[in-house]
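Each value in this text was obtained by applying a stated rule to the coordinates, not by laboratory testing. Values in this document were obtained by computation on a predicted structure and should not be read as measured data. Note that each Cβ is placed from the backbone with ideal geometry, even for glycine, and that neighbours are counted across all protein chains shown.
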């Protein structure tokens, strides 16, 4: 008998997913920005987290913990903070190349002009896409779990391994939610220093913990159209890297403008 065959047979009893169902789930999962005001049963939240905790992590350290926010008034405060920091993102965006800009050219209004500053705040008020979400999940990491790595690994790549583990668990949460008929959104802003610090203060999270993304969870008000995915032949290099296919920076900018904007 092949080593580990008994282990595999145990899982075949619960039908290990075939390729086609897995591909279908990967295609179906999308970030949703419209949620019904309908409570998500805790049973489903715990199913999501129960599945995601099987995600891979360096040294099997499993550095993650999860704060689940269901109180609407707290969600509104988090949305307010999110909107405030998005104002700064909009100010910075015009300084990128034209083809890469997300928003119209709102130049920095000047903090010494109260009227323009207030106008900037009004533009972002109420725009957080998760305001109606009944639940937010915050995956956290306690970096002390990096002691699960060999010392040299911890010193050289400890934080990177922690981030890789968090990325894995977050993606598993999104897939589990999709499999349960729930909608999620991938929000990276809560990792930024200001918003992360404010969120920790509001939710009582120790300041030395790492917040990695935030997941609004709920029932969708719509289903988005399929997203663009690069063709397989653009991604694979057999044997060695094909230098003839190496794009210039301008080609990448043009590609983003054509396919991702």
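Comparing mean-square fluctuations of 57, 73, 196 from a GNM of the chain with C-alpha springs under 10 Å, the top value falls on 73. Comparing 65, 43, 88 in a Gaussian network model of the chain where C-alpha atoms under 10 Å apart are linked, the largest mean-square fluctuation is found at 43. Considering only 128, 177, 148, the mean-square fluctuation computed in a Gaussian network model of the chain, springs between alpha carbons under 10 angstrom, is largest for 148. Computed over Cα pairs, the Kirkwood radius of the stretch 158-261 leads via Stokes-Einstein (1.002 mPa s, 20 °C) to a diffusion coefficient of 123 µm² per second. When Rg and Dmax of the Cα atoms in Å is calculated for this entry, the matching label among [x] 21.4, 76; [y] 19.0, 67; [z] 24.9, 101 is [x].
How much length is gained on full extension from residue 246 to residue 259, taking 0.36 nm per residue of separation minus their Cα-Cα distance? Don't skip to the end; give the middle numbers.
On the way: separation 13, 0.36 × 13 = 4.68 nm, distance 1.79 nm.
Separation in residues times 0.36 nm, less the Cα-Cα distance, equals 2.9 nm.
Whole-Å semi-axes of the stretch 43-98's equivalent ellipsoid, largest first, each the root of 5 times a Cα gyration tensor eigenvalue? If you can, show how the numbers build up before the last one.
Working: eigenvalues 212, 86, 18 Å².
For the stretch 43-98, the semi-axes come out at 33, 21, 9 Å.
Distance between the 7 Å Cα→Cβ label points at residue 53 and residue 90: 4.1 nm.
Relative to the dominant Cα principal axis of the chain, helix 151-179 is inclined by about 90°.
In the chain, the DSSP-assigned H stretches of four residues or longer account for a calculated mean residue ellipticity at 222 nm of -14000 deg cm²/dmol, using -39500 (n - 2.57) per stretch and the full residue count as denominator. Shown here is the pair-distance distribution of the stretch 150-206: with all Cα-Cα distances grouped in 10 Å bins from zero up to the longest one, the shares run 19, 32, 38, 10, 1 percent.
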